[in-house]
Amino acid sequence: MIEELLTIKNIDVYFVVGIILLFGILESISGFLKNSNRKKGDWIQEILSFLVLGNLVKPIIILLMFGFCDFFFPQYRLALASIPFIGLFAAYILIDDVLQYWYHRSAHETPFLWKLHRPHHQAEEMGFFVSYRNALLYYLLMPNIWWVALILFLGGGKVVALGLILKQLIIIGSHSRLKWDKPFYQYAALRPIIKILERIIITPAFHHSHHGTSRLDTASEPNGNFGNMFSLWDQLFGTATFQNSYPKEYGLQQKTNDPWTASYFYPFVKSPDLNSEWSAGFKKTDTTTLEALSVPLTKGEAYLWCACGMSKNQPFCDGSHHGTKYKPQKFTVKRTGTTRLCNCKKSNGTPFCDDTHLSL
Ligand code: FES
C-alpha cells in the first residue's frame with residue numbers, strides 16, 4: 001500500500017508542501033505569526049533558502065552524483081532496486097540520520113561550519129520555517145543530500161520519498177512554535193507516552209532546548225541535542241538532555257546586526273557589523289590570563305564560567321565558544337562575596353582558582 005502510494009509522481013513534494021502549509025496555517029491560527037517579531041530579512045532568507053534547496057541545491061547534487069557514478073560505476077545503477085523495501089528503508093534512514101547528527105554536531109564544534117550553521121541559531125523565535133534557515137554553502141556541503149543522490153542512483157527512489165516525508169514531519173514539528181508535545185508533559189496520564197516517544201523521535205521540547213540562548217536557563221542546552229529525526233544518536237554519544245519545558249529565550253548570546261544576505265551567502269558576502277562572526281577579518285582571541293579573577297558573586301544565583309578562553313567578558317561566558325568543542329560551566333556559590341575564579345582555564349577545580357596558573 002505505502003509502496004504503491006510512493007510510485008505517484010512527486011508524491012514527496014506534495015507531502016512536504018502539505019506539511020509546511022499545515023504548520024504554517026496552525027501557527028497562523030494560533031496567533032504566532034501576528035505576534036511575531038521576525039523581520040522582513042528573516043522571511044526572505046527562509047523562503048529563499050527553502051526554494052533554493054529544493055529547486056537548485058538538490059537537483060545540482062543529484063546531477064553531479066549521477067554523472068560521477070555513471071562514469072565510474074555504471075554497473076551499479078539501480079543495484080538496490082530489488083532489495084525488500086522495509087530493509088532498504090531502515091538502512092537508508094538510519095544512515096541518513098547518523099550522518100545528519102555528525103554534520104550538525106560538527107557544525108557546532110568547528111569554526112567554519114559553525115558560521116554556515118549560525119543563521120539557524122540566530123533566529124530568536126522558533127517556527128516552521130526556521131528548519132530551512134542555514135547558509136547556502138551549509139546545504140551544498142550537507143552529506144545527507146549527497147547520500148540521497150547516491151541512493152537515488154542505486155534505485156532507492158521510494159525509500160528516499162518516504163524518508164523525506166517522515167523527516168519533514170518530525171523536523172518541522174520539532175521547530176514549530178506549536179509545541180505539540182506540551183499536553184503530554186502537562187497531564188500525568190500522558191507522561192509515560194512522551195517518555196517513550198522522546199527516546200525515539202525528536203520532540204519540540206528536545207529540540208527547542210537546543211535553540212535556547214544559554215545554559216543559565218535550565219530548559220536550554222545549546223551545546224547538545226543535535227539529533228535530526230531520532231534521539232538515538234544523542235543518547236548513544238552522550239549529548240542528550242531530555243526536557244519537559246521550553247526555553248524562555250531563543251537565539252544567540254551575542255546579538256549582531258547582520259543583513260540577511262551575509263547570513264545566507266557567507267562567506268561570499270560579509271557582514272558590515274564588525275562584531276559579527278560574518279564580518280571580514282573577524283577573529284576570536286585568547287583572553288585567558290595567568291592569574292585568577294576576583295569577582296563578586298551572590299549566593300543562589302547561577303553563573304556561566306567561560307571554559308573556552310575566548311570570552312570578552314572573562315571569567316564569564318559571552319557565547320564565544322560557539323564553533324568549538326567547549327561549553328560553559330554552570331555554577332553557583334555557597335556564600336555571597338568575592339570569589340577567585342580560574343582564568344588560565346587549567347584549574348583542577350573549575351570554575352574556582354586552585355593556583356594551577358602559578359606552575360604554568
Ligand atoms: S565564551 Fe562561552 S565558554 Fe568561553
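The values are calculated or read from the model by the stated rules, or taken from the named source; none is laboratory data. Small disclaimer: the values here were computed from a predicted structure and weren't measured. Every residue, glycine as well, gets a Cβ built from its backbone with ideal geometry; the counts of neighbours run over all protein chains shown.
Would you point out which residue out of F268, F237, F226 is closer than 29 Å to G349 by Cα, surrounded by fewer than 18 Cβ atoms within 10 Å (Cβ to Cβ) and at pLDDT 95 or above?
F237
Among the numbered criteria (1) within 9 Å of the ligand (Cβ to nearest atom); (2) in a loop (DSSP other than H, G, I, E, B), which single criterion is violated by D354?
(1)
Collect the residues in region 316-344 that are buried (at least 16 other Cβ atoms within 10 Å of the Cβ), farther than 11 Å from L304 by Cα and touching a strand residue (DSSP E or B) at 6+ places or on another chain (Cβ under 9 Å), keeping them in residue-number order.
The answer is V333, T339, R340, L341, C342, N343.
Among the numbered criteria (1) closer than 20 Å to N134 by Cα; (2) more than 12 Å from the ligand (Cβ to nearest atom), which one does G281 miss?
(1)
Which members of region 155-176 meet the condition of being surrounded by 20 or more Cβ atoms within 10 Å (Cβ to Cβ) and outside any helix (DSSP H, G or I)?
Residues satisfying the conditions are G156, S176.
Taking the conditions exactly as written (out of contact with any strand residue (DSSP E or B) (no Cβ under 8 Å at 6 or more places or on another chain) and of a type in the set (A, V, I, L, M)), does V269 satisfy them or not? Spell out the reasoning first.
Values: out of contact with any strand residue (DSSP E or B) (no Cβ under 8 Å at 6 or more places or on another chain): yes; of a type in the set (A, V, I, L, M): yes.
In short, yes.
If a residue has to be of a type outside the set (A, V, I, L, M, F, W, C), within 16 Å of the ligand (Cβ to nearest atom) and either touching a residue at least 24 places away in the same chain (Cβ under 8 Å) or assigned by TED's automatic domain parsing to the domain that holds S214 (or both) to count, how many in region 325-341 make the cut?
Residues in region 325-341 being of a type outside the set (A, V, I, L, M, F, W, C), within 16 Å of the ligand (Cβ to nearest atom) and either touching a residue at least 24 places away in the same chain (Cβ under 8 Å) or assigned by TED's automatic domain parsing to the domain that holds S214 (or both): 5 in total.
Counting only residues that are over 17 Å from D318 (Cβ atoms) and polar (S, T, N, Q), how many does region 280-306 have?
The total comes to 2.
L297 - would you say it is under 27 Å from T218 (Cβ atoms) and either within 16 Å of the ligand (Cβ to nearest atom) or assigned by TED's automatic domain parsing to the domain that holds F112 (or both)?
Working: under 27 Å from T218 (Cβ atoms): yes; either within 16 Å of the ligand (Cβ to nearest atom) or assigned by TED's automatic domain parsing to the domain that holds F112 (or both): no.
Against the criterion (under 27 Å from T218 (Cβ atoms) and either within 16 Å of the ligand (Cβ to nearest atom) or assigned by TED's automatic domain parsing to the domain that holds F112 (or both)), L297 does not qualify.
Given the criteria more than 30 Å from L141 (Cα to Cα), touching a helix residue (DSSP H, G or I) at 6+ places or on another chain (Cβ under 7 Å) and in a loop (DSSP other than H, G, I, E, B), does Q314 qualify?
Against the criterion (more than 30 Å from L141 (Cα to Cα), touching a helix residue (DSSP H, G or I) at 6+ places or on another chain (Cβ under 7 Å) and in a loop (DSSP other than H, G, I, E, B)), Q314 does not qualify.
Scan the helices (runs of 4 or more DSSP H) fully inside region 2-114 and keep the ones with 3 or more residues being under 26 Å from the mean Cα position of the chain (by Cα) and aromatic (F, W, Y).
Counting at least 3 such residues, we get 11-29, 85-109.
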